[in-house]
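**Q** Here it is, the structure in full.
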Amino acid sequence: MEKAEIGLIGLGTMGSNLALNIAEHGHRIAVFNRTRARTDAFVENSGALRDMVVPCYSLEELAAAIRPPRPLIIMVLAGKPVDEQIEALRGVLSDNDIVIDAGNANFRDTMRRFSELSGSGLTFIGMGVSGGEEGARHGPSIMVGGTEDSWKRVEKVLTAISAKFKDEPCAAWLGTDGAGHFVKTIHNGIEYADMQMIAEIYGILRDGLGVIEAQQLGIPATAIEAAVAARVLSSIKDERQAAEKAYGNIGVTRISGDKDALLKDLELALFAGKIAAYAQGFAVMSGASKEFNWNLPMPTIAKIWRAGCIIRSQMLDTMAEAFSGGASTNLLMAPAFISLMQEAHPSLRRVVARASEAGAPVPALSSALAYFDSYRQGRGTSNLIQAQRDFFGAHGFERIGEQGAFHGPWGSGAAG
Ligand code: NDP
């Protein structure tokens, strides 16, 4: 039988769809799953792609089915299962084979696995994949960390199966070792902020305006409800119920006034909040890039998030342009985003203020506003923190317009 070009371990939601995507792009694929029944079910459901799939029932069989040097994707639960799988593979793979962990690994685990495998003959890639089941099947966003050389060896298949934004593949090499998984983590952070902010706007629509109202006005409440349902809040429900008893259920006051204006404000507030969340995400990536010497390519990251992944949006195209145009610090400093925020931040402020007055919790939107306000405040208030630290610990402080370290006139101060 003709050998497969690539292998995949783990035929769960992501692995099975990724395998079909790879097969559909003309790459013969050998697959293995710990539980045999899942492999059988996968083969049974592979339809017209059946001939492109080679089911294997042991790691030895899997290795034998792939043409060396073997690219092999692991798509199992993150954590210990990945380490166990790599350990088992060491016994069956050969020099120059590439092991690709495509799950949601902690980037520090990825860095550790790189160093553990260095010198073993095997090459390791840590690859973030976003887009859920649908993306895996029809085109995900793919964030690769590893050596540039290893990326070149798998670039063809990964770009082929990735999502496309105006024909540009949403797959790229982002840096060495943990770079791909780190960027995926930030992607997920932005995704949670997005969902939280959508949920908060939904809360205002539901409790402050009436949902029915939102539906009548053509607001996509079903999408919002779906995002809300995705949130994981149930774990502290008992505590919230106890707190409601302790403080009494004051409910959220209905927000009065011009509904059209408020709906417009809600839209712009969400927009401004999202910009702030992205700005923070890119700022964190920029810091990590320096810390870990990844040289993360910000324009490329924005580009490969434009399609396929969960947080894809039109705004990412503007971000890609901003970074390509040299926006090197915070996204909030890119000219395009300065004008967008100037238009949108008053709405964010009004929404946060009115929601607070009405008793509707909006933690993500208010923290986005606080971030924006703090970021654009040339003279902040942390000078008083320096003074307090000097008082209790003689840490010293600096002065505006004067060189050197100073101490305040507080005598011996307090212990701290
Ligand atoms: P599923 O729960 O659908 O499948 C899990 C897979 O892992 C199964 O094939 C399972 O095998 C295998 N597995 C679990 N434990 C072990 C083990 N100890 N040894 C060998 N195999 C094991 O998970 P997903 O497909 O959703 O997720 C896979 C990875 O992809 C995870 O890292 C996840 O975080 C990540 N991911 C998921 C996304 C999603 O939307 N679902 C999106 C992006 C990334 P068995 O059949 O034997 O149980």
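Throughout, read-outs are computed from the coordinates displayed, never taken from laboratory work. These numbers come from a predicted model, not from an experiment. Please note: Cβ atoms are built from the backbone with ideal geometry, for glycine as well, and neighbour counts cover all protein chains shown.
**Q** Taking every DSSP beta bridge with both residues inside the chain, roughly what % is antiparallel (nearest 5)? Display every interim value, and only then the final one.
**A** Working: 9 of 33 bridges.
The antiparallel proportion sits near 25 percent.
**Q** Something else now. I need the calculated FRET efficiency for the pair D40 and D167, taking r as the beta carbon distance and R₀ as 56 Å, to the nearest 0.05.
**A** Once the sixth-power term is evaluated, E becomes 0.90.
**Q** Could you give the size of the charge dipole of the range 6-177 about its Cα centre, using +1 on the Cβ of each K and R and -1 on the Cβ of each D and E, expressed in debye and rounded to the nearest 20?
**A** Taking the Cα centre of the range 6-177 as origin, the dipole is about 120 debye.
**Q** May I pose another question? For a 25 Å ceiling on Cα separation, which of these pairs sit above it: K152/K184; K237/K259; K164/K274; K184/K303?
**A** Exceeds cut-off: K237/K259.
**Q** At q = 0.06, 0.08, 0.10, 0.13 Å⁻¹, what log₁₀ I(q)/I(0) does the chain have when each alpha carbon counts as one equal point scatterer in the Debye sum?
**A** Values, matching the q order: -0.33, -0.57, -0.83, -1.13.
**Q** Could you work out how far the C-alpha centroid of the range 13-52 sits from that of the range 242-301, in angstrom?
**A** Taking the Cα centre of each part, the range 13-52 and the range 242-301 sit 39 Å apart.
**Q** Consider a paramagnetic label point 7 Å from the Cα of T13 along Cα→Cβ; state which residues of the range 300-336 have an amide N under 14 Å from it.
**A** Counting backbone N atoms under 14 Å from the label point, the list is 310.
**Q** Using the per-residue mean of other Cβ atoms lying within 10 Å as a proxy for protection, in what order, highest first, do the peptides 370-378, 259-267, 143-151, 98-106 fall? Show your work: numbers first, answer last.
**A** Values: 370-378: 12.7, 259-267: 16.3, 143-151: 21.4, 98-106: 23.0.
So the peptides 370-378, 259-267, 143-151, 98-106, ranked by packing, come out 98-106, 143-151, 259-267, 370-378.
**Q** Now a separate question. Mean separation of Cα pairs under 8 Å and 6+ residues apart, divided by the residue count of the chain: what relative contact order is that in percent?
**A** Details: 681 pairs, mean separation 50.2, N = 416.
Dividing the mean separation by the residue count of the chain yields 12 percent.
**Q** Now, a different point. Note down the magnitude of the dipole of the chain about its Cα centre, charges +1 on Lys and Arg C-beta and -1 on Asp and Glu C-beta and zero elsewhere, to the nearest 20 debye.
**A** Here the size comes out at about 280 debye.
**Q** Tell me the relative contact order for the range 1-159 as a rounded percent, counting alpha carbon contacts under 8 Å between residues six or more apart.
**A** The normalised contact order for the range 1-159 reaches 22 percent.
**Q** Let me ask you something else. Give me the net charge of S366's neighbourhood, meaning all other residues with Cβ under 15 Å from the Cβ of S366; Lys, Arg count +1, Asp, Glu -1.
**A** Neighbour charge sum, excluding S366 itself: 0.
**Q** Taking N as the number of residues in the range 87-136, what is its alpha-carbon radius of gyration divided by 2.2 N^0.38 Å?
**A** 1.26
**Q** If you don't mind, there's one more thing I want to ask. Most exposed first by the Cβ proxy, i.e. fewest other Cβ within 10 Å, how do L268, L205 rank?
**A** L268, L205
**Q** Separation between the M1 and L384 pseudo-spin-labels, each 7 Å from Cα along Cα→Cβ, expressed in nm?
**A** 7.3
**Q** So, one more: Give, in whole angstrom and from largest to smallest, the semi-axes √(5λ) of the equivalent ellipsoid of the range 106-160, with λ running over the eigenvalues of the Cα gyration tensor.
**A** Ellipsoid semi-axes (Å, largest first): 23, 14, 7.
**Q** Using a 7 Å offset from the Cα along the Cα-to-Cβ direction at both A64 and Q241, what is the distance between the two label points in nm, to one decimal?
**A** With each label point 7 Å from Cα toward Cβ, the separation is 5.7 nm.
**Q** Say we join alpha carbon atoms closer than 10 Å with springs in a Gaussian network model of the chain; which of V129, V154, V352 then has the biggest fluctuation?
**A** V154
**Q** Evaluate the distance, in nm, between pseudo-label points positioned 7 Å from the Cα of W410 and of D258 along their respective Cα→Cβ axes.
**A** Each label point lies 7 Å from its Cα, and together they span 4.9 nm.
**Q** How much length is gained if the chain between E398 and N330 is pulled fully straight, taking 0.36 nm per residue apart and subtracting their Cα-Cα distance, in nm to one decimal?
**A** This chain segment gains 21.9 nm when fully extended.
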